[in-house]
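Trainee: I'd like to ask you about the structure that follows.
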Amino acid sequence: MALKLYNTLSQKKEEFIPLKKGEVKMYICGPTVYNFIHIGNARPFVIFETLKRYLEYKGYKVKWVQNFTDIDDKMINNAQKLKITVAELAERFIQEYFVDADFLNLQRAEVHPRATEHITEIIALIEKLERKGYAYNIEGDVFFEVNKFKDYGKLSGQNIDELRKGARIEVDLRKKNTIDFALWKKSKPGEPFWPSPWGEGRPGWHIECSAMSMKYLGETIDIHAGGSDLIFPHHENEIAQSEAATGQPFVKYWLHNGYIFLDNQKMSKSLGNIMKVRELSKRFRGEAVRYFILSAHYRSPLNFSEEQLQQAEASVQRIENVILNLEHSLKQSKIKEDILEDQEKQILEQKNESAQQFIMALDDDFNTPVAISHLFNFAKIINRYLASNEGKSKLVLEESKNFYYTFAGKVLGIIKEKKKTTDLNQEIEELLKEREQARNKKDWKKSDQIREELKRKGVILEDTPEGVRLRRIN
RNA sequence: GGCGGCAUAGCCAAGUGGGAAGGCAGAGGACUGCAAAUCCUUCAUCCUCGGUUCAAAUCCGAGUGCCGCCUCCA
């Protein structure tokens, strides 16, 4: 089955064919580490990390790079405000990023390069552009001359003349053209700087991604992804500088996700309508936040609300429950080996069908909401089977469990392996025994009290026809 | 002004020509000592108006409302 992805460059869904068979090189624009990330920042990280998981599931070897922007105006301003150095600020928020990333169940990229650690490569790239006549130096500021790059605007569908008209930015009159952008910025007093052929300064914003993408992944890569707001100018400029320098296509598939809205407006730090991931982590589980993000198609807008997160919690729990139900049944005595009845053969077929549908959905431009719906479809089927009183087939239970661990766990990352409920402490064991005795005596009051007490200790107790079942509150 | 997106149930969200998926919430029922979990049943004139078609949520046209990018931004 072929994976199709919507390529911003062609504005069409295209079949995904990697440059090198069996291997995928992808670069995700990471955070500028001047503050905590918010849920809008987290969306592309979750989406494209999930895409990476899916590519791996499909058997690709994925090389995934995600950068940290650790030098720019915002970094400098915030460092000044906090009275620390830019480097200290970066260090702090890189650590904080990883705390949030772990909460979101994000796997690490193969490399997390930082702009300031690649000044040599950046300078070399600018020099190359200068040699080829695409860059010009004015008093220590180096600009990219957009008019020299004929494909400028191909990603964002803009043409140069319109861009000129629409320019709202305060224009640096020294530039040859209003839309020329900075490759290297001369440092002002008090700002961090690095020596360069053009004097002391620092890299422009766009050049770092070009330099690091090329360094770790090569001149042409398969996938470059980020939020839609990066299409212009960031990614447009990356294309210009990279392709001007190498003469090669920079990226085969450009992927962009839609925004997260809060109060009907794009969530953004400058508007101040943000919800930090750190804030959410105090009230919701990472699984639920992940589910929330994956519950809409990645290119659609997604509205943030507390209610949405609560619904996501409940939905995740339904999937966790089906796994719990399966595991509970597997521990029962009435388990059958091998022999399958017709009904059971049918269930296995339905499981395969659901798996296939799940894959088809993701193959169709990574349609996670549809994929998720198939997890629920099969949940109904398997729960129905589990609710019957007959002996259960071990094979059916195992395969079903596997289905969820593979798709909900490994691929989507919306469930984690649970702490084993078997490692109960002695106190809880005692309470369980006590309650069992009370129930035998039909002392419901005491029995209910103990159930309440267990709940306070983080264990939810459920009575089933096959004995008590325990569930941990996370 | 240029480029682009969105509008489907109480809430979320798929579907882009022929059955309106799925989740959350709600209602009723089954099971249970009670809960919980689970199962069964139930829950949509697809923003408006025209048009094309045997057939439209889906295609075309007009309109309404909301939003984004063109400035740092995921």
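Trainee: Of all helices (runs of 4 or more DSSP H) completely enclosed by segment A:273-379, which ones contain at least 2 residues that are open to solvent by 20 Å² or more (accessible area, probe 1.4 Å)?
Mentor: A:277-281, A:306-330, A:342-363
Trainee: Would you point out the residue of segment A:380-390, among those that are touching a residue at least 40 places away in the same chain (Cβ under 8 Å), assigned to a helix (DSSP H, G or I) and more than 7 Å from RNA strand B (Cβ to nearest atom), that is surrounded by the fewest Cβ atoms within 10 Å (Cβ to Cβ)?
Mentor: A:Tyr385
Trainee: Which count do you get for residues in segment A:122-144 that are surrounded by fewer than 20 Cβ atoms within 10 Å (Cβ to Cβ) and assigned to a loop (DSSP other than H, G, I, E, B)? Give the derivation first.
Mentor: Pass one, segment A:122-144, residues surrounded by fewer than 20 Cβ atoms within 10 Å (Cβ to Cβ): A:124, A:127-128, A:130-133, A:136-141.
Subsequent filtering for residues that are assigned to a loop (DSSP other than H, G, I, E, B) retains A:132-133, A:139-140.
Within segment A:122-144, residues that are surrounded by fewer than 20 Cβ atoms within 10 Å (Cβ to Cβ) and assigned to a loop (DSSP other than H, G, I, E, B) number 4.
Trainee: Tell me, which residue of segment A:178-214 that is part of a loop (DSSP other than H, G, I, E, B) and within 12 Å of RNA strand B (Cβ to nearest atom) is nearest to A:Asn67 (Cα to Cα)?
Mentor: Step one: filter segment A:178-214 for residues part of a loop (DSSP other than H, G, I, E, B), giving A:178-180, A:187-193, A:195-200, A:204.
Checking which are within 12 Å of RNA strand B (Cβ to nearest atom) leaves us with A:178-180, A:204.
On the way: A:Thr178: 28, A:Ile179: 25, A:Asp180: 24, A:Gly204: 15 Å.
Of everything passing the filter in segment A:178-214, A:Gly204 is nearest to A:Asn67 (Cα to Cα).
Trainee: With the checklist (1) in a loop (DSSP other than H, G, I, E, B); (2) open to solvent by 50 Å² or more (accessible area, probe 1.4 Å); (3) in the same structural domain as A:Glu219 (by TED's automatic domain parsing) in hand, flag the one item A:Leu9 doesn't pass.
Mentor: Condition (3) is where A:Leu9 drops out.
Trainee: What number goes with the only condition from (1) open to solvent by less than 50 Å² (accessible area, probe 1.4 Å); (2) touching a residue at least 60 places away in the same chain (Cβ under 8 Å) that A:Ile160 does not pass?
Mentor: So A:Ile160 meets the others, but not (2).
Trainee: Does A:Glu399 satisfy being in a helix (DSSP H, G or I), touching a residue at least 12 places away in the same chain (Cβ under 8 Å), among the acidic types (Asp, Glu) and in the same structural domain as A:Glu337 (by TED's automatic domain parsing)?
Mentor: Numbers: in a helix (DSSP H, G or I): yes; touching a residue at least 12 places away in the same chain (Cβ under 8 Å): yes; among the acidic types (Asp, Glu): yes; in the same structural domain as A:Glu337 (by TED's automatic domain parsing): yes.
Judged against the criteria, A:Glu399 is a match.
Trainee: If you scan segment A:217-249, which residues turn out to be of a type in the set (Val, Ile, Thr), closer than 20 Å to A:Phe48 by Cβ and open to solvent by 10 Å² or more (accessible area, probe 1.4 Å)? If you could, list the steps in order and put the result at the bottom.
Mentor: We begin by selecting, within segment A:217-249, every residue of a type in the set (Val, Ile, Thr); these are A:220-221, A:223, A:231, A:239, A:246.
If we keep only those that are closer than 20 Å to A:Phe48 by Cβ too, we end up with A:220-221, A:223, A:231, A:239.
Of everything in segment A:217-249, those that are of a type in the set (Val, Ile, Thr), closer than 20 Å to A:Phe48 by Cβ and open to solvent by 10 Å² or more (accessible area, probe 1.4 Å) turn out to be A:Thr220, A:Ile231.
Trainee: So is A:Val316 in contact with a helix residue (DSSP H, G or I) (Cβ under 8 Å, 6 or more places away or on another chain), under 18 Å from A:Phe407 (Cβ atoms), touching a residue at least 40 places away in the same chain (Cβ under 8 Å) and more than 8 Å from RNA strand B (Cβ to nearest atom) or not?
Mentor: Details: in contact with a helix residue (DSSP H, G or I) (Cβ under 8 Å, 6 or more places away or on another chain): yes; under 18 Å from A:Phe407 (Cβ atoms): yes; touching a residue at least 40 places away in the same chain (Cβ under 8 Å): yes; more than 8 Å from RNA strand B (Cβ to nearest atom): yes.
Answer is yes for this residue.
Trainee: For segment A:194-216, give me the residue count where each residue is closer than 21 Å to A:Lys20 by Cβ and open to solvent by less than 10 Å² (accessible area, probe 1.4 Å). Let's see the steps before the verdict.
Mentor: Taking segment A:194-216 and keeping what is closer than 21 Å to A:Lys20 by Cβ, we get A:210, A:212-216.
Next cut, open to solvent by less than 10 Å² (accessible area, probe 1.4 Å) only: A:210, A:212-213.
Within segment A:194-216, residues that are closer than 21 Å to A:Lys20 by Cβ and open to solvent by less than 10 Å² (accessible area, probe 1.4 Å) number 3.
The values are calculated or read from the model by the stated rules, or taken from the named source; none is laboratory data. Quick caveat: nothing in here was measured; it's all calculated off a predicted structure. Heads up, the Cβs are rebuilt from the backbone with ideal geometry, glycines too, and the neighbour counts pull from every protein chain shown. Side chains are part of the model used for accessible areas, which takes the heavy atoms of the whole protein and leaves out ligands, DNA and RNA. Shrake-Rupley method; radii C 1.70, N 1.55, O 1.52, S 1.80 Å.
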